[in-house]
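Here is the structure we will look at, set down as C-alpha cells.
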Amino acid sequence: NAGVTQTPKFRILKIGQSMTLQCTQDMNHNYMYWYRQDPGMGLKLIYYSVGAGITDKGEVPNGYNVSRSTTEDFPLRLELAAPSQTSVYFCASSTNTGELFFGEGSRLTVL
Amino acid sequence: KQEVTQIPAALSVPEGENLVLNCSFTDSAIYNLQWFRQDPGKGLTSLLLIQSSQREQTSGRLNASLDKSSGRSTLYIAASQPGDSATYLCAAVTGNQFYFGTGTSLTVIP
C-alpha cells in the first residue's frame, strides 16, 4: 500500500531557482491538497484540487503553481524560490467522506 | 472562517497515566473531525475519524469524542506509554476544507 508518495524528501535550492515537488496517490481519491508546515505555525493550505483538471488556491498560494492532469498526480511548482519558502511541504489526498491521508513530506531549504 | 485551537500546546506525563487532549473549533457545521499523530520529521498519521453524526470513535487505547454543539473534541489516551510521545493534531472538516489546530506535543516519561 503506497498511499500518498512525495518526492524528493529533501532539497536545497538557491534563491531564484525553480523546482517541482511531486505527489502521487494510488487510492483513486478525487481530492488532493498541498500544505506547508512551519514551526509553531501549523499547516497552511497552498492549493487544492477536487478532481482532474480542477485546481483552486488555498490560504498561501503566492509563489506556487499546481496542475492536475490525472487523478493520481498533483505536482507543486515553485517559481523563483525565496527564503520564505523554506518549509516542510505535505501532500495529502482525501476520500469523498472526508478522511485525509498524508505523504511523508518534502523538506525544502532555500539559501 | 473555521478556527481550530488545541490546548495545551505541550504536555508531559509519567508513563501509565491516562490523559486527555483537547480540540476546539468555532464553526459547529463540520462534516468530520479527524485526529492525527505526527512524529518528529515525519508526516501525519491518521488516528481516528469522527463523522458529524457520531459522538465517539475508539481504536485500542485511544478514544475520541465529538460535541458539535459546544465545538469540542477530546482525544483520550489510556495507560500512556513512551511510544505515545509525539505531536497530536486535530482537523475539522468543513465542505472540502480541512482546518488544523497547531497541535499538542506530548511527552510520556518512562
Item to check | Peptide A:77-90 - average C-beta neighbours from other chains (10 Å radius) | outcome: 0
Checklist outcome for this item: The relative contact order of chain A, taking Cα pairs under 8 Å that sit 6 or more residues apart, comes to a percentage of 36
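So what's chain A giving for Cα Rg divided by 2.2 N^0.38 Å, two decimals?
On the way: Rg = 13.1 Å, N = 111, 2.2 N^0.38 = 13.2 Å.
Compactness ratio reported: 0.99.
Taking all pairs of distinct Cα atoms, average 1/r, flip it, and tell me the Kirkwood hydrodynamic radius of chain B in Å to one decimal place.
Value: 13.8 Å, from the Cα pair sum.
By the gyration tensor of its Cα atoms, with a ≥ b ≥ c the square roots of the eigenvalues, what is the shape of the protein assembly as shown: rounded for a/c under 1.5, prolate for a/b over b/c, or oblate? Please list the in-between numbers first.
Details: a/c = 1.95, a/b = 1.47, b/c = 1.33.
Prolate is the answer for the protein assembly as shown, as a/c is 1.5 or above and a/b outweighs b/c.
Please report the relative contact order for the range A:55-111, taking Cα pairs under 8 Å with a sequence separation of at least 6, and give it as a percent rounded to a whole number. Don't skip to the end; give the middle numbers.
Working: 66 pairs, mean separation 15.5, N = 57.
Computed over the range A:55-111, the figure is 27 percent.
As a footprinting exposure proxy, order A:I12, B:I77 by other Cβ within 10 Å, with the fewest listed first. List each step's numbers first, then the result.
Details: A:I12 11, B:I77 21.
With the fewest neighbours first, A:I12, B:I77 line up as A:I12, B:I77.
Can you pick out the pairs among A:K44/B:K68; A:K14/B:K42; A:K9/B:K1 whose Cα atoms lie more than 27 Å from each other? Show your work: numbers first, answer last.
Details: A:K44/B:K68 24 Å; A:K14/B:K42 24 Å; A:K9/B:K1 32 Å.
Beyond 27 Å: A:K9/B:K1.
Within 10 Å of each Cβ in A:99-111, how many Cβ atoms from other chains are there, averaged over the peptide?
On the way: counts 6, 10, 4, 7, 2, 4, 5, 0, 1, 0, 0, 0, 0.
Mean shielding count: 3.
Every number here is computed from the coordinates shown, using simple stated rules; none is lab data. Every value quoted in this text rests on a predicted model; they were computed, and no experiment measured them. Ideal geometry is used to build each Cβ from the backbone, glycine not excepted, and the neighbour counts take in all protein chains shown.
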